[in-house]
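Below is one structure, written out as structure tokens, with a few remarks after it.
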Amino acid sequence: MTAQTVQSDTIDPEAQLRHLRVAADVAGMELGEIVLPTEYDVLAGRIRLHYLDWAGPDGARDILFLHGGGLTSHTWDITCLALRDTYHCLALDQRGHGESEWSPNMDYSYAAHVTDIEQFVEALGLDTFVLVGMSLGGLNSIEFAARHSDWLKALVLVDVGPELRQAGTSRIRNFIGGEGEFASIETIVERAMSFNPRRDPELLRMSLRNNLRQLPDGKWTWKYDRRHHGRVDSETHRSAMRALGDRVPHITCPTLVVRGGDSDVFHDEDAEKLVSNLPDGRWVKVPNAGHTVQGDNPKGLVAELRAFLDQVGA
């Protein structure tokens, strides 16, 4: 399984650089050199996975970032850019998202995702790395860490756990599972601003561009597989989440649980309960952030990541 450099169908590199500079300024972050990652494809088993490689110093610890449902690896751009002075950051497009392949049989189970991660890690030869997962990526990270804590130096779960708030998750499902084709990007920006008014509309427009592709008729659609939305019944989902909760005590590596201070998906009580079931866990709250902490307050998230990774010797 060999990684190959690729060029995705995203925006112009100069536009991406301008976007990162503005995003850093809006977040109040001094990031020094603004660079773009190298993009690669790797064959993990029978599925092609796409990832971004933010090269760090020689010998730097690897951090693998997993995005949430309906997002892409680019959700971590500012976080990775901020951390690349110390760490080697890798951000993966999980199956059915971004530039990675869709599952031919619509298998988006935790087991399938974890198999992808296992094969990705083996393909790249990652050793005692740090795993950071948000939302869907965090749930996949729980299962991965329960199986492979010995592969990890540390684990970070961003605004997620086996117990989530129905009102918040329903709001997300309605957003990502709603209309699938749009006449213009401006239409999508308006819809996204209504969903999350914390964002700067101009920055949001460029961020969304990384998660959109244009159809032959000129309309725009999301870069994730929407075929399986609504096909999993609620009891099957609840059963899978209960099983995931039973796996939490098997995670023996140091674990940080991050909660967005304004999240309607994951509350203080949920973070406290999750940490109480972790052999080596702690939790923090990032203010001025909802569920998508890395987008709402990247400066606050990076500060907590650095503090935790320093604490555990990563």
Filter region 55-73 for residues that are under 10 Å from the mean Cα position of the chain (by Cα) and surrounded by fewer than 24 Cβ atoms within 10 Å (Cβ to Cβ); which is farthest from Trp151 (Cα to Cα)?
-> Gly70
Residue tally, condition assigned to a helix (DSSP H, G or I) and either under 22 Å from Thr169 (Cβ atoms) or of a type in the set (Asp, Glu) (or both), over region 277-314 | 7
Those residues of region 112-146 which are under 13 Å from the mean Cα position of the chain (by Cα), of a type in the set (S, T, N, Q) and assigned to a helix (DSSP H, G or I), in sequence order | Asn140, Ser141
In the set Leu31, Leu36, the lone residue that is at pLDDT below 95 and in a loop (DSSP other than H, G, I, E, B) is Leu31
Considering every residue within region 179-198, establish whether at least one is crowded, with 17+ Cβ neighbours inside 10 Å, touching a residue at least 40 places away in the same chain (Cβ under 8 Å) and within 18 Å of the chain's Cα centre (by Cα).
-> no
Residues of region 200-230 satisfying the condition of being farther than 19 Å from Gln94 by Cα and either under 19 Å from the mean Cα position of the chain (by Cα) or at pLDDT below 90 (or both) | Asp200, Pro201, Glu202, Leu203, Leu204, Arg205, Met206, Gly230
Single residue of Ala146, Ala154 found to be of a type in the set (Gly, Ala, Ser) and over 27 Å from Gly261 (Cβ atoms) = Ala146
Yes or no: Thr255 more than 30 Å from Val189 (Cα to Cα), touching a Leu at 6+ places or on another chain (Cβ under 8 Å) and polar (S, T, N, Q)?
-> yes
Kindly provide the set of residues from region 245-276 that are assigned to a loop (DSSP other than H, G, I, E, B), in contact with a strand residue (DSSP E or B) (Cβ under 7 Å, 6 or more places away or on another chain) and under 14 Å from Ile142 (Cα atoms), ordered by number.
-> Ile251, Cys253, Pro254
Flagged pairs (Cβ under 9 angstrom, 6 or more apart or on separate chains; first in region 100-127, farther than 11 Å from Val42 by Cβ; second of a type in the set (Val, Ile, Thr) and part of a loop (DSSP other than H, G, I, E, B)) are Tyr108/Val232
Filtering region 203-244 down to residues that are in contact (Cβ under 8 Å) with a residue 24 or more places away in the chain, under 29 Å from Glu163 (Cα atoms) and in a loop (DSSP other than H, G, I, E, B) yields Asn211, Lys223, Asp225, Arg226, Arg227, His228, His229, Gly230, Arg231
Could you check, for region 284-291, whether at least one of its residues is closer than 21 Å to Glu143 by Cα and not hydroxyl-bearing (Ser, Thr, Tyr)?
-> yes
Taking region 123-169 and keeping residues surrounded by 24 or more Cβ atoms within 10 Å (Cβ to Cβ), in contact with an Asp or Glu (Cβ under 9 Å, 6 or more places away or on another chain) and polar (S, T, N, Q) leaves Ser135, Asn140
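The values are calculated or read from the model by the stated rules, or taken from the named source; none is laboratory data. Everything numeric here is computed off the predicted structure, so don't read it as measured data. In this analysis, Cβ positions are derived from the backbone assuming ideal geometry, glycine residues included, and neighbour counts consider all displayed protein chains.
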